[in-house]
Amino acid sequence: MSGTHNDPRFAAVIDVLGRYFDGLYFSDTAILREVFHPKAHYATATEGELLELDMDRYFPIVDKRPSPASRGEQRADRIVSIEFAGPVTAFAKVQCAIGEKAFTDFLSLIFVDGRWQIIAKVFHYDIRQPA
């Protein structure tokens with residue numbers, strides 16, 4: 001991870017990523033609205049075709065989804081890496097799981113309006129094998 005744990009940017013991005021994981025685990029779009037910029041983009045091609053959403057289309061999907069917390073799923077959140085391209089641009093590779101899907105997310109973050117926000121989420125998922 002570029003930066004150091006004493007770098008306030010690093011700590012701030014880690015905080016945003018923790019909130020991101022909470023929002024996904026609890027299917028809580030109030031939390032996700034805090035971490036995503038309103039003009040953020042969401043994209044994947046895991047199923048062979050591009051799926052691209054804005055936040056107005058993404059949040060209702062989360063609202064309808066039973067949360068991993070409500071199903072008693074164990075959390076599998078992990079920050080793989082964080083890199084900074086400058087004082088207001090960061091990139092994070094993270095992993096988490098929802099149901100049978102194990103996700104790897106590439107999150108682009110920007111520092112605007114006095115805080116770090118996710119401006120783009122591009123991800124892939126694999127189906128986890130039962131234990």
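What to note about this one:
- Gly72 fulfils the conditions (1) of a type outside the set (Asp, Glu); (2) at positive phi; (3) touching a Ser or Thr at 6+ places or on another chain (Cβ under 8 Å) except for a single criterion, (3).
- Candidates Lys93, Lys39, filtered to the one that is basic (Lys, Arg), in contact (Cβ under 8 Å) with a residue 60 or more places away in the chain and not in a loop (DSSP other than H, G, I, E, B): Lys39
- On inspection, Ala92 fails the criterion of being within 12 Å of the chain's Cα centre (by Cα) and loosely packed, with under 14 Cβ neighbours inside 10 Å.
- Residue match in segment 116-125 (condition: open to solvent by 90 Å² or more (accessible area, probe 1.4 Å) and either under 15 Å from the mean Cα position of the chain (by Cα) or free of Cβ contacts under 8 Å to residues at least 40 places away in the same chain (or both)): no
- Test for Ile110: is it in contact with a Leu (Cβ under 6 Å, 6 or more places away or on another chain) and touching a residue at least 24 places away in the same chain (Cβ under 8 Å): no
- Qualifying position, being charged (D, E, K, R) and either open to solvent by less than 80 Å² (accessible area, probe 1.4 Å) or not in a loop (DSSP other than H, G, I, E, B) (or both), among Glu47, Glu83: Glu83
- If you go through segment 13-32 and keep only what is open to solvent by 10 Å² or more (accessible area, probe 1.4 Å) and among the hydroxyl-bearing types (Ser, Thr, Tyr), you end up with Tyr25, Ser27, Thr29.
- Residues (open to solvent by less than 50 Å² (accessible area, probe 1.4 Å) and either free of Cβ contacts under 8 Å to residues at least 24 places away in the same chain or assigned to a helix (DSSP H, G or I) (or both)) located in segment 50-79: Leu53, Met55, Tyr58, Phe59, Val62
Each row is one residue, and each column tells you yes or no for (1) under 26 Å from Arg128 (Cα atoms); (2) touching an Asp or Glu at 6+ places or on another chain (Cβ under 8 Å); (3) polar (S, T, N, Q).
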| position | (1), (2), (3) |
| --- | --- |
| Arg19 | yes, yes, no |
| Tyr42 | yes, yes, no |
| Tyr58 | yes, no, no |
| Ser70 | yes, no, yes |
| Glu73 | yes, no, no |
| Ile79 | yes, no, no |
| Gly86 | no, no, no |
| Phe106 | yes, no, no |
| Val112 | no, no, no |
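The values are calculated or read from the model by the stated rules, or taken from the named source; none is laboratory data. Quick caveat: nothing in here was measured; it's all calculated off a predicted structure. As a convention, Cβ positions derive from the backbone with ideal geometry for all residues, glycine included, and neighbour counts pool all protein chains shown. SASA here: full protein model, heavy atoms, side chains in, ligands and nucleic acids out. Shrake-Rupley method; radii C 1.70, N 1.55, O 1.52, S 1.80 Å.
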